[in-house]
Amino acid sequence: MILQNEKVLFVCETKAQLFNAINIKLNVYKGISADLCLCDNGNNNIGTLQQSVDTSEVFNNSYVYYTRHDTNQTLIAKVKRALRSTHLVRSVSEILPNKNNKYSMIFISGPSSSVNCVYYHFKKYNRNIKLYLYEEGIFEYYMFNNKNFARKLYSYVFYHRYYLDDAEGVYVYSPELLTGNVGNKKIMGIPRISFEDIAFVNAVNAAFDIEIESFSSIKNIKYLYMDQAFPSEEENIQQYQIIQKIAEVVGVDNILIKLHPNSPLDKYKEYTDICIKNNMAMEVIELNLRLRNVTLLTICSSSVFNFKLMFDANPRIFLLYQMFKSVTIGRNLFKFIEVFKNDYYNGEIFCPATMEEFENNI
């Protein structure tokens with residue numbers, strides 16, 4: 001229970017996290033004073049995003065924590081940083097409110113060390129602050145089973161705590177899909193996205209400074225390929241071959257490629273013209289276009305699951321991870337996919353293992 005005079009802080013590293021933070025603030029903690037910390041994570045337009053977020057007036061104050069120097073480093077540089085132990089927490093202290101500006105709750109998403117250290121910073125000054133996790137993608141559905149002992153050891157050695165142990169609970173769209181033993185953690189539902197929630201739609205569009213016209217090429221598309229995050233060179237070659245096959249079977253005019261924000265615009269060579277040029281979160285696009293007759297294809301991007309989890313939509317989905325020999329998904333992710341596919345989803349999901357099987361179903 002939170003009192004009206006208390007303050008909370010949302011920490012966001014991606015646009016999908018910001019989308020969900022706005023939903024939680026407006027539909028769970030309406031009327032509560034909330035601030036926002038944006039981690040730039042190499043985003044050159046973070047200042048522009050902060051300005052548009054401020055225009056939306058969802059959050060009382062916003063701060064930018066420049067983590068680019070923390071994320072884009074060589075392995076040796078990262079080891080040196082770890083040996084300095086409190087570098088991240090010190091750098092947070094230079095950006096965020098000082099110890100007199102206390103929050104009663106802090107919300108973070110994902111396993112990023114930069115995001116975790118925002119929490120460690122405030123916990124150092126306020127031992128009573130409560131940590132809650134919130135959904136970005138499917139990781140939050142099995143994170144309590146994700147036994148990363150190296151990360152846990154690192155956190156306890158340098159920060160004397162570990163965020164998963166400290167967390168009071170987690171906010172997700174579909175609590176029934178959480179797997180494993182969550183212990184005494186509180187499991188709370190995020191309200192599903194309603195297209196009729198005008199206040200939310202307006203807030204999101206203001207926060208992301210939406211230009212609906214920039215989505216015109218997506219509105220009636222039949223096949224949407226979600227580019228994989230951080231693929232190997234071999235995976236890039238295979239993705240290109242799959243896009244060639246889709247274009248051959250359904251026609252190049254019927255497919256678009258949603259590039260990952262870190263992918264260059266010319267990644268797919270002669271298919272550059274069918275690549276979506278903006279790096280807007282897929283959730284924001286869906287909120288404005290209500291894509292319903294589209295087939296989604298991906299190696300294993302969590303964005304395709306969000307159509308159901310957030311919007312209760314059931315588009316046709318192709319998960320292609322079995323076609324990539326270099327892609328090995330963990331047993332927790334595999335279990336989530338199986339439960340999602342067999343017990344939860346109302347649409348068609350294909351997991352082809354060969355190009356022939358893929359062609360027969362596309």
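The values are calculated or read from the model by the stated rules, or taken from the named source; none is laboratory data. Everything numeric in this text was worked out from a predicted model, so none of it was measured. Using ideal geometry, Cβ is built from the backbone for each residue, glycine included, and neighbour counts are taken over all protein chains shown.
Out of all the residues in the stretch 145-152, is one or more under 20 Å from residue 37 (Cβ atoms), among the hydrophobic types (A, V, I, L, M, F, W, C) and free of Cβ contacts under 8 Å to residues at least 40 places away in the same chain? There is no residue in the stretch 145-152 that is under 20 Å from residue 37 (Cβ atoms), among the hydrophobic types (A, V, I, L, M, F, W, C) and free of Cβ contacts under 8 Å to residues at least 40 places away in the same chain.
Inside the stretch 276-323, residues that are surrounded by fewer than 19 Cβ atoms within 10 Å (Cβ to Cβ), farther than 28 Å from residue 178 by Cβ and out of contact with any Phe, Trp or Tyr (no Cβ under 7 Å at 6 or more places or on another chain) make up a count of 4.
Note on the stretch 208-235: residues that are of a type outside the set (Asp, Glu), surrounded by 15 or more Cβ atoms within 10 Å (Cβ to Cβ) and in a helix (DSSP H, G or I) amount to 1. Residue count for the stretch 335-352 under the criterion of being under 19 Å from residue 231 (Cβ atoms) and among the hydrophobic types (A, V, I, L, M, F, W, C): the result is 2. Please work out which residue is nearest to residue 296 (Cα to Cα), limiting yourself to the stretch 239-267 and to residues that are modelled with pLDDT under 85 and of a type outside the set (Gly, Ala, Ser). Here the residue is 260.
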